[in-house]
Amino acid sequence: MIPVVCLAGPTGSGKSSAALALAEALNGEILNADSRQVYSDLPIITAQPTPQERAARPHHLYGFLATDKKISAGRWVELATAKARVLHEAGKIPVIVGGSGLYFQALLHGITVIPPADPAIGAHLAGRLNKEGSPALHLELAKADPDYAARIHPNDRQRILRALEVLEITGRPFTWWHTNAMAPPLCKGPLFIINADLRRLTPRLAGRIEQMLACGALEEAKFAFSRCADPEAPGWSGIGAAELLAYVRGSLSFDTCRELWLKNTRAYAKRQLTWFRARPEAIMLPPQQTDKLPALARAYKF
């Protein structure tokens with residue numbers, strides 16, 4: 001088993017700075033575990049590490065994917081495990097940080113072995129989604145697989161389509177596959193969670209959106225749209241990207257865009273907290289106690 005240290009938590013809870021301090025203390029390097037921060041054209045909107053943070057400590061698996069490409073939890077685990085092995089062999093501690101709970105689940109507990117996609121069924125479902133909208137298909141998924149539907153956003157096209165496709169191909173819901181068809185994990189380590197209070201986190205999220213806009217998030221969205229004008233591309237499904245794209249395309253006013261961005265970000269943070277707090281292996285820490293992370297990581301029995 002490859003030893004790793006995992007740090008998760010809701011969006012805007014201070015994971016990046018905490019991970020940087022943790023990596024410096026452990027002689028480690030940072031690996032991304034956020035499904036949105038893989039997109040190369042959206043570094044501001046997805047809150048990827050700043051050039052200063054990257055210069056302080058090596059960061060991996062950030063900003064390597066085009067907006068029109070998708071990434072699965074299985075593919076991410078392959079990439080993260082390969083990088084973690086290289087770092088371990090070099091005497092470095094992989095510090096894996098992000099907010100995608102399914103990534104941590106797959107890394108530490110094993111990846112689900114799911115049947116391959118069926119292009120014909122996928123195309124049929126995509127056509128339905130374009131006509132009926134993501135929320136309608138999310139509602140359909142919720143009736144068939146309420147546990148999985150509760151974990152994903154109603155506008156998460158990629159995961160909704162995949163879950164419905166697997167259901168149609170196999171007759172079994174995604175939750176069944178995640179429970180009964182697992183390949184063993186290759187990594188082991190603690191899962192630390194920054195247990196932020198949502199009420200206190202909300203103004204921080206609002207301030208972060210304003211900071212992103214001040215740093216050029218709108219200009220970034222316009223540039224990304226010039227490179228990928230397909231509004232259904234996977235990279236546009238993330239919170240912030242979706243709202244700004246709607247403004248760029250003229251379907252939202254700027255004020256409504258900002259309001260929805262905050263509303264959806266807060267709702268996402270709430271879902272993240274609910275998911276992470278339910279992990280029995282999670283080691284919960286309030287934001288003001290992240291300075292304890294190095295000592296806790298050193299004390300962990302791998």
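Quick notes on this one:
- Karplus 3J(HN,Hα) series, Hz, for the range 233-242 with 6.51 cos²θ - 1.76 cosθ + 1.60 (x for Gly, Pro): 4, x, x, 7, 7, x, 5, x, 5, 5
- Amide H contacts of H60 (H built 1.01 Å from N, under 5 Å, at least 5 apart or other chain): I30, L31, N32
- Under-5 Å amide H pairs with I111, H placed in peptide plane, nonlocal only: A183
- Residue-span extension gain [A66 to M1] - 0.36 nm each, minus C-alpha spacing: 20.3 nm
- Relative contact order of the chain, pairs being alpha-carbon contacts under 8 Å that are 6 or more residues apart, as %: 29
- Full extension of the segment from A278 to R298, taken as 0.36 nm per residue of separation minus the current Cα-Cα distance, would add 4.8 nm.
- Annotation: extensible slack from K143 through D197 equals 16.4 nm (criterion: 0.36 nm per residue apart, minus Cα-Cα distance).
- 3J(HN,Hα) along the range 121-131, derived from phi through the Karplus expression 6.51 cos²θ - 1.76 cosθ + 1.60 where θ = phi - 60°, amounts to 5, x, 5, 4, 5, 5, x, 4, 5, 5, 7 Hz, with x in place of Gly and Pro.
- For the range 163-185 versus the range 230-302, the spacing of their alpha-carbon centroids is 25 Å.
- FRET efficiency for the pair R172 and K92, taken as 1/(1 + (r/R0)^6) with r the Cβ-Cβ distance and R0 = 45 Å, rounds to 0.65.
- Note on the range 113-150 and the range 188-210: Cα centroid distance 30 Å, given to the nearest whole angstrom.
- Computed FRET value (nearest 0.05) for R249 with A206, which takes r as the C-beta separation and R₀ as 22 Å: 0.35
- Amide proton proximity set for I193, modelled H, under 5 Å, gap of 5+: A8, I283, M284, L285
- In the chain, the DSSP beta bridges split such that about 10 percent are antiparallel, to the nearest 5.
- Applied to the range 6-22, the Karplus parametrisation 6.51 cos²θ - 1.76 cosθ + 1.60 on θ = phi - 60° returns per-residue 3J(HN,Hα) values of 10, 10, 10, x, x, 4, x, 8, x, 5, 4, 5, 5, 5, 4, 5, 5 Hz, with x for Gly and Pro.
- Cleavage-rule hits, trypsin sites (Lys or Arg not before Pro), the range 179-287, DSSP coil, Cβ neighbours within 10 Å at most 14: R249
FYI, it's all coordinate maths here, none of it is from the lab. Only a predicted model underlies this, so the values are computations on that prediction, with no experimental measurement involved. All Cβ positions, even for glycine, are placed from backbone atoms using ideal geometry, and neighbour counts span all protein chains on display.
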